[in-house]
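Okay, so here's the structure we're looking at.
Derivation of every value follows stated rules applied to the coordinates shown; laboratory data play no part. Values in this document were obtained by computation on a predicted structure and should not be read as measured data. Here the Cβ is made from the backbone with ideal geometry for all residues, glycine too, and neighbour counts use every protein chain on show.
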Amino acid sequence: MTVRVQLADFDAGAEIARLRSGDRGVGAVASFVGTVRAENDAAQVDGMVLEHYPGMTEAVLDDLVASAKTRFDIRDALVIHRVGALAPGDQIVLVAVTSAHRDSAFDACRYLMDFLKTQAPFWKKERTPAGEHWVEARASDEAAAGRW
């Protein structure tokens, strides 16, 4: 199980290949890549800055991955989350999960993303033509996490 918080971009294909490498018991890989949108709530987004609480963020992500491992029949998981200045189209997050069967991989990937959005200590500040503002938590993210 791997968790990384980093400034640098990532190659999702290479990361997924590395995650499943050498494990011939993997029958399924589910992944999610989140990117910066050029529009949010009908407003233009010129960029964003993602901040985190170093040390605590990684610990929360480690706990989420450990929880997914006990809750679902998965073989391995990877969470990469970027911080710093990002532009529309940039990758923000990669969540990838391996398992023997697809249902476990799909469920664990969705679970990790739902709880990452609601529990991990990240803060987003969007830059728009009207100025900068902090992005508030969404009720829809809380509702998604609540189903688990």
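Between the residues V79, T35, G47, the greatest Cα displacement towards the positive end of the dipole of segment 33-148, with unit charges on the Cβ of Lys, Arg, Asp and Glu, is found for V79. When peptides 44-51, 6-13 are ranked by their average number of other Cβ atoms within 10 Å per residue, the highest-first order is 44-51, 6-13. For n ≥ 4 DSSP H runs only, could you compute -39500 (n - 2.57) per run for the chain, divide by its residues and tell me the 222 nm figure to the nearest 500? It comes out at -11000 deg cm²/dmol, rounded to the nearest 500. If you plug the beta carbon distance of A17 and V49 into 1/(1 + (r/R0)^6) with R0 = 22 Å, you get a FRET efficiency near 0.15. I need the shape label for segment 25-81. Rule: rounded when a/c is under 1.5, else prolate if a/b > b/c, else oblate, with a, b, c from the alpha carbon gyration tensor. Note, shape of segment 25-81 comes out oblate. Quick check: from the Cα gyration tensor, does segment 3-102 come out rounded (a/c under 1.5), prolate or oblate? In terms of gyration-tensor shape, prolate. Magnitude of the charge dipole for the chain, about its Cα centre and with charges confined to Cβ atoms of Lys, Arg (+1) and Asp, Glu (-1), is about 420 debye. Expressed as a fraction of 2.2 N^0.38 Å, the C-alpha radius of gyration for segment 44-148 is 1.16.
Over all orientations, segment 1-47 has a Cα convex hull whose mean projected area works out to 5.0 square nanometres.
Working from Cα pairs under 8 Å separated by at least six residues, relative contact order for the chain is 33 percent.
Here V135 and D103 are evaluated by their C-beta separation; at R0 = 22 Å the FRET efficiency comes out at 0.10.
Of the peptides 111-117, 57-63, the order by per-residue mean of other Cβ atoms within 10 Å, starting with the highest, comes out as 111-117, 57-63.
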